[in-house]
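This report refers to the structure that appears directly beneath it.
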Amino acid sequence: MRGQVFGWRWRPNPLRRRSDVVEAWTVLLVVLLLLIGAPAAGVAAGRWAHRDAQAHAAAERAARDRVSAVVVEGAPAAAPSEHGGKQPMSWVRARWTEPDGGSRTGQARVPAGTERGDRADVWLDAAGRSVQAPPTDTDVWERALATGTCATGGVVGVVLVGHFVVRRVAIRHRLAEWEREWARTGPDWGHRWA
């Protein structure tokens, strides 16, 4: 019995309507798009985002100089976090030697809890100002995975909304077909022939 019920929309059947066939093809297309199309879109978007983020990180690394600085004043202690995550950064005064050999004291971003006299890496832009470090490989991968996941979710959402719309239209057509047929056969229903 189960084999006869499954796929009834594909086999010739006097009860099958055109809307049933459209709905069956739509379900097949939705399954293919969800199993193949959505992951493929996510992978493609993730690969594009990875290449873009790698190029951006390489450009930032090339435009900035990393120097070692001595912290002049201690950074505030890190507040305990229930989620763990990245260690917070603080702006403190530090002294470093610039790439051209001159000494400079200024604000630098260091991990929370860094004490006076500790050494920390400082990234400088072309003007010699302390700036945020360029993205790491982990940051690049996080961006790629987030982009790929969002693209996959977006494709899934569009496919499901499209399926919902097609299904609503198919149901409306099916009900209209039934109404027309009932209008044709309803008046004769229940009459006794003598």
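For region 104-149, the Kirkwood radius over C-alpha pairs fed into Stokes-Einstein at 37 °C and 0.692 mPa s yields D = 252 µm² per second. What base-10 log of the normalised intensity I(q)/I(0) is obtained for region 131-176 from the Debye formula, alpha carbons as equal point scatterers, at q = 0.23 Å⁻¹? So the normalised log intensities are -0.80. Peptide packing for 148-155, 114-121 was compared via the average number of neighbouring C-beta atoms within 10 Å per residue; ordered from the highest value, the list is 148-155, 114-121. Based on Cα atoms of region 87-194, Rg over Rh with Rh as the Kirkwood radius reads 1.65. Structural descriptor for the chain: relative contact order 28 percent, calculated from alpha carbon pairs under 8 angstrom and at least 6 residues apart. The heavy atoms of R104 offer some 80 square angstrom of accessible surface to a 1.4 angstrom probe. Taking every alpha-carbon pair in the chain and binning the separations at 5 Å intervals from zero gives 1, 7, 9, 9, 9, 9, 8, 6, 6, 5, 5, 5, 4, 4, 4, 3, 2, 1, 1, 1, 0, 0, 0, 0 percent. Amide H to amide H distances under 5 Å link T114 with A75, where only residues 5 or more positions off or on other chains count and H is placed in the peptide plane. Distance from the alpha carbon centroid of region 20-54 to that of region 135-149 works out to 20 angstrom. Per residue, the accessible area of the chain comes to 72 Å² when a 1.4 Å probe rolls over the protein heavy atoms. Of the solvent-accessible surface of the chain, computed with a 1.4 Å probe over protein heavy atoms with every protein chain present, carbon and sulfur atoms account for 60 percent.
The values are calculated or read from the model by the stated rules, or taken from the named source; none is laboratory data. For clarity, every value in this text was computed on a predicted model and none was experimentally measured. Positions of Cβ are generated from backbone atoms using ideal geometry, with glycine treated the same way; all protein chains shown enter the neighbour counts. Just so you know, the surface numbers come from the protein's heavy atoms only, side chains and all, with ligands and any DNA or RNA stripped out. Shrake-Rupley method; radii C 1.70, N 1.55, O 1.52, S 1.80 Å.
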